[in-house]
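Notes follow once the structure below has been shown.
Read-outs: derived from the displayed coordinates by stated rules, not from any lab. Keep in mind that what you see is a predicted model, and the values were worked out from it rather than measured. Cβ sites come from the backbone with ideal geometry, for glycine too, and all protein chains shown count toward neighbours.
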Amino acid sequence: MRKAMRAIGRVLSAPFRALGALAHAIRAFFTYEPEDTPLADTFAGAVQSPSLILEHLDALRRHLLRAVLFLAITTAFSFAFARPLLEFLTRPLGGLSNLQSIEVTENLGVFMRVSLLAGFVLAFPYIAFELFAFVQSGLHRRSRLMVALAIPSATVLFLAGMAFAFFVMMPTAIPFLVSFLDIPVKVRPSSYINFVTGLLFWIGVAFQMPLVMYFLARLGVVRARQLGQQWRIAMVGIAVLSAAVTPTVDPVNMALVMAPMIVLYFLSIGLAAVAERQRKR
């Protein structure tokens, strides 16, 4: 009888205990400050006690495992709307009816690739959170708050890059590629989807530039004045990157990629200046 009452008590008190644990975690997040240990002492301690490194590697393994499992769940969830997403992605080409498969497994491969991209987009905030959870114990309170706020910012920038690639670049690039030399083109699903998903992904990654520069400036790796003085070199690098990412070789589509990246670069200079002032304080 006592065991049954204790079990019932644990069940009834479970929500309150969960809320208490959550409150404790939130309080620790805002108040915990790690000890400032010189890098040389940290390295010496790791050499003397290799088990510390193994503990960190084991913690990293757990975080990565949870991130991969969540990605698998979101990818499986994406199976439900993979076909509507395929129809949406093929709009610049005129729809799925304009694709022609020549291999038995081609349609399945396209379905899985689109589902994986959709699953990655859905899982992106959680993957970023797991990486943050791994490093947050070694960050100061202000740095933890900064990184926590960076997760939604990175998600918004990634989605903005994908939206730019789909709504601005593809309506210009696809007609150019299909009508070039007036040769009839039968587009394969694997070729088209690999091209589209790769473009969306890498443009989304490129839009992370301001956030990356901000954190590098907070760490003291780069300076706003340095970025401003080397803008010519940056323009050359942006041109090379745009040429690698751009689906066509014409200057119009290359300029469509370069224009937002140039704007993002100068925005990065401003954010780096803000980061330097915060670092000095």
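For 58, 182, the sequence from fewest to most other C-beta atoms within 10 Å is 182, 58.
Pairs of Cα atoms in the range 79-231 fall into 5 Å distance bins, from 0 up to the last occupied one, in shares of 2, 8, 14, 17, 15, 12, 10, 8, 7, 5, 2, 0, 0 percent. Among 215, 167, 207, 79, a tally of other beta-carbon atoms within 10 Å of each Cβ gives an order, fewest to most, of 167, 79, 215, 207.
Only counting other Cβ atoms within 10 Å, I'd like 223, 232 sorted with the fewest neighbours first.
Working: 223 16, 232 8.
With the sparsest Cβ surroundings first, the list reads 232, 223.
Given R0 = 22 Å, the distance between the Cβ atoms of residue 72 and residue 133 translates into a calculated FRET efficiency of 0.75.
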